[in-house]
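Quick notes on the structure that follows.
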Amino acid sequence: MALFFGKDKKFNKDFFLALDIGTEFVKSLVYKVDTESQKGIIFGVGKTRQKIGNMTSGAVSDIGGVIETCQKSIDIACQEAGIKNVKNTIIGIAGEFVKGSTTTVHYERAKPEIRIDMPEIKNIIQKIQWKAFERIKKQLAYESDHADIEVKLINAAIVNVEIDGYRVTNPVGFQGRDVSISVFNAYAPLIHLGAIQSISKELDLKLISIAAEPYAAVNGMGLENHPDFGAILIDVGGGTTDIAVIKNGSLEGTSIFGLGGRSFTKSLARKFHLSFEEAEEAKLLYSKGKIEDQYIGKIEDSLREDCEVWLSGVEIALENFCSSRLDSLPPRILLCGGGSGLPGIYEQLNSEKWLSRIPFPDKPTIGYIQPHDIIKIIDKTGKLTNPQDVTPMGLASLILDSGNNDVLSEALNKAIKIIQN
């Protein structure tokens with residue numbers, strides 16, 4: 001679930017804004033929630049290119065510049081939707097220091113004949129949340145070389161509950177000795193969250209949630225009804241590559257590294273003495289197969305080394321999900337994001353040379369996530385047609401979870417409040 005800061009209770013009658021502040025583009029979706037189908041209906045789409053220097057590796061580096069770009073994108077979406085403005089907003093966050101992982105606690109009950117109650121569940125979940133918080137804080141301190149780095153929880157979801165090896169959706173009332181609960185948590189540094197909050201304030205938006213973008217994309221696919229689904233989702237954005245590992249229909253964890261489509265563009269500009277804009281145009285034409293024949297080989301050779309470096313980043317990220325060779329990864333890779341259309345990306349993932357170093361049970365199949373795979377969202381504009389639209393649609397889907405009041409979500413919310421206070 002996303003963590004919501006508060007919203008109008010009559011949200012089904014209001015418009016919402018999903019704002020994807022990417023390194024290359026700001027994407028805005030204006031939508032409503034249809035209470036009958038419980039799906040988001042998109043009425044307006046805005047897409048505006050960022051200026052060089054606005055973003056660095058998925059994080060905001062020029063707040064004023066990003067505000068200007070966001071306003072243009074939002075205005076375009078509102079105009080198409082036929083409204084003057086929109087307030088209630090969900091904003092995505094990415095960047096190398098946005099961390100997500102699943103923490104599991106195995107709890108042996110002293111009296112297995114006693115039925116499990118809510119106080120017992122709350123106690124277990126609270127232990128999990130403290131354990132996850134300390135682990136991610138240490139990881140960020142190590143990676144950033146700042147021991148006192150401030151982090152905040154942005155997403156949390158209970159992804160698996162088992163009693164004596166049997167999977168259940170609600171453990172209350174069951175008997176048993178061994179209880180296992182797994183919770184996915186995503187954290188971000190306070191400095192990045194502060195930038196997002198400043199942007200929303202200057203734009204006069206009511207910020208109801210900030211969400212880790214890999215989490216949003218997975219959530220939008222509605223995998224809670226597919227317990228056997230497994231895949232590695234790779235979102236190649238302008239400044240970062242976001243990776244999410246899904247096992248048994250649940251999010252195992254996320255990892256983000258600072259290499260995306262803009263790096264390939266800069267490489268082309270440097271090697272062929274082009275401006276950034278000229279190199280970007282050449283890259284896009286090459287990706288679409290529309291480049292002149294005499295340039296195909298040169299561009300392909302130029303980008304091959306960059307794609308190999310990118311693959312090394314993927315390999316390192318995936319190693320974090322495998323503590324041993326026995327921890328196999330799902331044999332399916334799903335690509336999305338604007339940079340995923342680069343032919344070298346697909347070719348590198350499909351090559352044999354790196355697969356021997358990663359514990360796949362079989363050679364993975366490679367495909368793309370398309371907008372129609374975000375089953376919780378319906379696009380009335382007809383403008384969301386390729387993999388780069390998946391992330392903002394995933395963000396839009398998060399509002400559909402805000403009314404989730406089951407007992408596990410209630411226990412998780414209380415545990416979060418205790419930690420945050």
Would you list which aspartates and glutamates come within 15 Å of K127, measuring only between C-alpha atoms, while excluding same-chain residues fewer than 8 positions from it? E108
Ordering of 362-373, 256-267, 45-56, 383-394 by burial proxy (mean other Cβ atoms within 10 Å per residue, highest first): 383-394, 256-267, 45-56, 362-373
Cα centroid of segment 182-205 to Cα centroid of segment 347-374, whole Å: 31 Å
In segment 95-135, which GluC sites (Glu not before Pro) are in a loop and have at most 15 other Cβ atoms within 10 Å, using DSSP for the loop call? E113
With a ≥ b ≥ c taken as the square roots of the eigenvalues of the C-alpha gyration tensor of segment 77-149, please select rounded if a/c is under 1.5 and otherwise prolate if a/b is larger than b/c or oblate if it is not? oblate
Charge dipole (the chain, unit charges on Cβ, about Cα centre) - positive-most of I358, V33, G65: V33
Distance violations [Cα-Cα > 26 Å] among K290/K380; K290/K376; K111/K131; K27/K206: K290/K380; K290/K376
So what's the net charge close to P214: Lys and Arg +1, Asp and Glu -1, counting the other residues with Cβ under 12 Å from its Cβ? -3
Just flag the trypsin sites (Lys or Arg not before Pro) in segment 330-375 sitting in loop per DSSP whose Cβ has no more than 11 other Cβ atoms within 10 Å. K353
Using a Cα-Cα cut-off of under 17 Å, which lysines could be cross-linked to K201, ignoring same-chain neighbours fewer than 8 residues away? K7, K72, K87
For the chain, the dipole about the Cα centre with charges only on Cβ (Lys and Arg +1, Asp and Glu -1), to the nearest 20 debye, works out at 900 debye
Among the lysines, which have Cα under 25 Å from the Cα of K363 when same-chain residues fewer than 8 positions away are ignored? K247, K353
Honestly segment 282-421 on the Cα gyration tensor test (a ≥ b ≥ c root eigenvalues; a/c under 1.5 rounded, otherwise a/b vs b/c for prolate or oblate) is just oblate
Using the Cα centre of segment 256-368 as the reference point, and only Cβ charges (+1 on K/R, -1 on D/E), how large is the resulting charge dipole? Debye, rounded to the nearest 20. 160 debye
Calculated from DSSP H runs of 4 or more alone, at -39500 (n - 2.57) each and per residue, what is the 222 nm mean residue ellipticity of the chain, nearest 500? -11500 deg cm²/dmol
Residue list for segment 227-242, given a label point 7 angstrom along the Cα-to-Cβ vector of V309 and an amide N cut-off under 18 Å: 236-242
Sorted by packing (mean other beta-carbon atoms within 10 Å per residue), highest first, where do 227-236, 303-312, 23-32 land? 23-32, 227-236, 303-312
Return the whole-Å distance between the Cα centroid of segment 258-313 and the Cα centroid of segment 50-116. 29 Å
Once the other residues with Cβ under 10 Å from the Cβ of K51 are scored (Lys, Arg +1; Asp, Glu -1), what is the net sum? -1
Listed highest first by mean packing, meaning other Cβ atoms within 10 Å per residue, what order do 152-163, 62-73 come in? 152-163, 62-73
Along the charge dipole of segment 256-368, which of S312, G289, L268 sits closest to the positive end, that is, farthest toward it, with unit charges on the beta carbon of Lys, Arg, Asp and Glu (+1, +1, -1, -1)? S312
Reported label for calculated volume of the Cα convex hull per residue in Å³ given (1) 139; (2) 148; (3) 159: (2)
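Multiply the residue separation of K87 and Q294 by 0.36 nm, subtract the distance between their alpha-carbon atoms, and state the gained length in nm to one decimal.
Working it through step by step, the gained length comes to 69.5 nm.
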Sum up the charges of everything whose Cβ sits under 12 Å from the Cβ of I256, counting Lys and Arg as +1 and Asp and Glu as -1, but leave I256 out. -4
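Each value in this text was obtained by applying a stated rule to the coordinates, not by laboratory testing. Bear in mind the structure is a predicted one, so any value in this text is a computation, not a measurement. Every residue, glycine among them, receives a Cβ derived from its backbone with ideal geometry; neighbour counts consider all protein chains shown.
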